[in-house]
Amino acid sequence: MSLINALTNSARLVERRVVTWEEFGRLADSLAALILRTRRVRHDLVIGVLRGGGPLALVVADRLRVRVDFLNVKSYTGVGERAGPRVLSTIIEDIENKDVLLVDDLVDEGATMSFAVEFLRSRYSPRSIQTSSLFVKPWSRFIPDYYLGSVREWVIFPWELCEFGTEGCAPGEVSRWRMRAGWRARTRGSWSISCSTGG
């Protein structure tokens with residue numbers, strides 16, 4: 001389903017926020033700085049929840065100067081469409097009796113992060129698991145240990161522009177699609193889309 005069709009069919013999700021690579025870099029550095037300032041333990045490993053937590057985990061692990069691994073959990077089937085979380089691939093690092101930091105880009109309802117914490121705890125027996133994300137939705141039932149803020153919009157990160165853009169998306173097509181779909185600039189590289197579901 002294309003983003004335009006999803007927007008037409010979805011009354012609940014009307015506001016979008018696109019995060020550029022430049023903005024993502026600033027946000028990732030801010031999150032890493034927050035973790036360094038306020039952490040209660042020195043983490044042995046950062047685990048990124050793929051797909052969205054992958055790029056963020058790489059930056060956070062670099063800033064914390066620890067190794068990184070990845071847990072591939074799928075929860076979304078489309079824009080605003082969720083399924084029960086399931087593991088597609090798991091970590092390779094030994095985390096038994098280690099302090100780990102689980103990283104995802106955004107915590108929506110909290111099901112993915114809760115699932116990932118329980119999966120790692122029951123299968124690998126880490127000493128501790130702390131969690132982090134850039135953003136949390138106000139309705140989330142899971143609040144990470146570290147996050148930058150709360151957002152209501154559907155956030156589109158730079159690694160998923162084409163996923164929520166046009167069919168056969170190419171670099172030049174993204175900006176043309178924004179114009180066709182009614183994208184308008186907000187502030188300093190942030191974008192938003194407004195759409196009504198009525199005729």
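Count of segment 53-74 residues, restricted to those that are buried (at least 19 other Cβ atoms within 10 Å of the Cβ), under 20 Å from ILE156 (Cα atoms), touching a Ser or Thr at 6+ places or on another chain (Cβ under 9 Å) and not aliphatic (A, V, I, L, M), is 1.
Conditions tested, residue by residue: (1) modelled with pLDDT under 95; (2) farther than 19 Å from PRO158 by Cβ; (3) surrounded by 15 or more Cβ atoms within 10 Å (Cβ to Cβ); (4) not β-branched (Val, Ile, Thr).
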{"residue": "THR8", "(1), (2), (3), (4)": "yes, yes, no, no"}
{"residue": "VAL14", "(1), (2), (3), (4)": "yes, yes, yes, no"}
{"residue": "ARG17", "(1), (2), (3), (4)": "yes, no, yes, yes"}
{"residue": "TRP21", "(1), (2), (3), (4)": "yes, no, no, yes"}
{"residue": "ALA28", "(1), (2), (3), (4)": "no, no, yes, yes"}
{"residue": "LEU31", "(1), (2), (3), (4)": "no, no, yes, yes"}
{"residue": "ARG39", "(1), (2), (3), (4)": "yes, yes, yes, yes"}
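Of all residues in segment 41-52, those satisfying the criterion of being closer than 17 Å to LEU134 by Cβ and either of a type in the set (Lys, Arg) or surrounded by fewer than 18 Cβ atoms within 10 Å (Cβ to Cβ) (or both) are LEU50, ARG51. Among the residues of segment 131-154, the ones that are buried (at least 20 other Cβ atoms within 10 Å of the Cβ) and either over 16 Å from the mean Cα position of the chain (by Cα) or modelled with pLDDT under 95 (or both) come to 1 in all. Taking the criterion of being not basic (Lys, Arg) and not in a loop (DSSP other than H, G, I, E, B), the residues of segment 33-52 that qualify are ALA33, LEU34, ILE35, LEU36, THR38, LEU45, VAL46, ILE47, GLY48, VAL49, LEU50. Let me spell it out: the conditions are (1) at pLDDT below 95; (2) surrounded by fewer than 16 Cβ atoms within 10 Å (Cβ to Cβ); (3) under 19 Å from SER30 (Cβ atoms), and ARG176 meets all of them except one. Which number is the exception? Condition (3) is where ARG176 drops out. Within segment 120-137, residues that are touching a residue at least 24 places away in the same chain (Cβ under 8 Å) and under 18 Å from LEU36 (Cα atoms) reach partners that are among the basic types (Lys, Arg) and surrounded by fewer than 18 Cβ atoms within 10 Å (Cβ to Cβ) with beta carbons closer than 7 Å, at six or more positions or on different chains, in the pairs ILE129/ARG121.
The values are calculated or read from the model by the stated rules, or taken from the named source; none is laboratory data. Remember, predicted model here, so these are calculated numbers, not experimental data. Cβ: placed from backbone, ideal geometry, glycine included. Neighbour counts: every protein chain shown.
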